[in-house]
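Beneath this line is the structure, given in structure tokens, with notes to follow.
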Amino acid sequence: MPRLSIVVPFMGNLSLLEDTLVSVLENRPKGCQVVVVLNEGYDDPYELHKEVSFVASRPDAGLVGGIYRGLLASEAPVVHVLACGMAVAPGWTDAAMPHFDDPQVGAVAPLVLSAGQPHRVVSAGLRYKCSGRVRRLSEGRLATRPPLRRQPCGPDARAAFYRRSALAAVAQWNEGRGLELMGIDLALALRHQGFRCELEPDCRVFAQGALTLPPAAFRTGVEEARLFWRWASRCGWRRSVASHAAMLLTECLTGLLWPRNAVRAAGRMAGGLGSAFSGRRDCPVVPAGGVPGPHFACPAAPRQLAATTASRRSGASNFSEACSSGPAAPRRAPG
């Protein structure tokens, strides 16, 4: 049985998928299973199924459904989620895996760096405040400086290590989340089970520019508000509502100078109203038998992976250098 399953959910961008697959296959650790979750057909013209397990997800499953489907197909006790567009270097998993020897560790957050600026931190895990605000830890800091040693609530979903049994015990998976909000949603669910997340700064992965752009302010406000009302009772209603109201008032006032704050505050109000009128509708986990099997049929084949390997090797060596230096949800299964 493999020690680690690497799950790459495909979200429609073949170029980013190829970049990540080339990086992973060139640097894959021993005893590793690679699972690619497809939400559209793929004819596998280069026989990658000899090295990669392709599994199918519903076309409308989204990122959460892709990760859920990958979890069902994984065989290892530890699952490593990598978004399309992430790059890795040799030995990137070595420092992260020993954390799972502690049975209380449910997730490990690697240090996510910018592929364009390999010494600039994108995320050192995510922090969640009882007000409902989500932040990337150490964002913008230099990787050569020691990262903030604050324990994250959970890993960034762009690159995250999870204990498979802990994820399998999550009772409800909610769709409609962005990358950060999905990561925090799973992190809070694991925390509710009694697990904790550890930061491993020596495990470094690299995000392409498309994955480092800030999300739209209004959508962020809507999603954070939905997440807040989903988890407020677990943090204590009085404290949570008071903190949320104070943050909302602050964003409205500072929005006079920084319009993005006002737009985010408007999103929070819209998300809160939506949660109040629709109620909390969660998506339950279902047995693996309810998910379709692998499929390979697509009229448009991707460009050849082999043609991109040479151009990616130089990038991988640069990454190696940088490492050494220093609530509406669908009523069907999410996958």
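Here are some notes:
- At q = 0.20, 0.29 Å⁻¹, base-10 log of I(q)/I(0) for the range 172-225 (Debye sum, equal scatterers on each alpha carbon): -0.95, -1.13
- For the range 115-207, the Kirkwood hydrodynamic radius from C-alpha pairs, put into Stokes-Einstein at 10 °C and a viscosity of 1.306 mPa s, yields a diffusion coefficient of 115 µm² per second.
- Close amide H pairs (under 5 Å, H built 1.01 Å from N) link E198 with A107, V108, A109, residues at least 5 positions away or on another chain.
- A P(r) calculated from all alpha carbon pairs of the range 84-154, with 10 Å bins opening at zero, reads 18, 46, 32, 4 percent.
- At 1.567 mPa s and 4 °C, Stokes diffusion of the range 1-152 via Kirkwood alpha-carbon radius, µm² per second: 77
Each value in this text was obtained by applying a stated rule to the coordinates, not by laboratory testing. Predicted model, so just to flag it, every value in this text is computed and none were measured.
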